[in-house]
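The structure appears below as structure tokens.
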Amino acid sequence: MKGLRLGILDWGQTKALDPHLKHQLARLLLAMAHYSQTVAIPPLSDEDTREGQGQRKGKFKLQTASKVQRAEETVKREFYRLGIVTAKEDKAAEVCKMVFSMFDTRLVDDYCGNPFDKSHALHSNAVLSFPSDLCYVLRTVQILRGMSVGLGVDFDLTKVWAPMAEGYLKREAGKEEGEGGKESREEEVVDFRRKVTI
């Protein structure tokens, strides 16, 4: 393409996701974006680690670890809400690695991305049931992952999709309010105050 840009033309199958699955996928994408932001908390500055700041440093580490664990639990919960069933319910940190390998193009630390390798998570925790409509999403992500790895670019697809997911959920919430008020749900309310930047 013009300017040495890369374009993808795919004349394969297409699929419109049903509203419930689209809603659940949007929630997962926002949970993934929140997790990425939580993990990317900057370390303490030299000023914070000087003498007399030891207690603050310890509290910061505990608070950060606690936030990361909560973000991992949220990703895990939203992953399973998609209707995906695995052989066992793994720890949230392990499920989080699996989620990012399936629905994001970034390279995940300490995670084998080759599904044929014995150390891949699917060998220790197989996916037993996967919504057929999500296969199209998974296929697209894996094509993009292969291209980004082949080009040597650690592309973060979650950063691109999260604002779209947030916009979708906002529009969906607006439609519900227009249809006679807010409906009560068992699900947690998504916090839209957080902005995802690319």
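A few points about this structure:
- Options 68, 75, 39: the member that is modelled with pLDDT of 95 or more and aliphatic (A, V, I, L, M): 75
- Members of segment 94-109 that are surrounded by 15 or more Cβ atoms within 10 Å (Cβ to Cβ) and more than 19 Å from residue 144 (Cβ to Cβ): 94, 95, 96
- Within segment 147-171, the set of residues being surrounded by 14 or more Cβ atoms within 10 Å (Cβ to Cβ) and among the acidic types (Asp, Glu) comprises 156, 166.
- Of the helices (runs of 4 or more DSSP H) lying entirely inside segment 90-163, those carrying at least 1 residues that are of a type outside the set (Phe, Trp, Tyr) and more than 18 Å from the chain's Cα centre (by Cα) are 121-124, 134-150.
- If the condition is being at pLDDT 75 or above and over 16 Å from residue 95 (Cβ atoms), then segment 108-123 contributes 116, 117, 118, 119.
- All positions within segment 116-145 that are surrounded by fewer than 12 Cβ atoms within 10 Å (Cβ to Cβ) and either touching a helix residue (DSSP H, G or I) at 6+ places or on another chain (Cβ under 6 Å) or more than 20 Å from residue 80 (Cα to Cα) (or both): 116, 117, 118, 119
The values are calculated or read from the model by the stated rules, or taken from the named source; none is laboratory data. Everything numeric in this text was worked out from a predicted model, so none of it was measured. In this analysis, Cβ positions are derived from the backbone assuming ideal geometry, glycine residues included, and neighbour counts consider all displayed protein chains.
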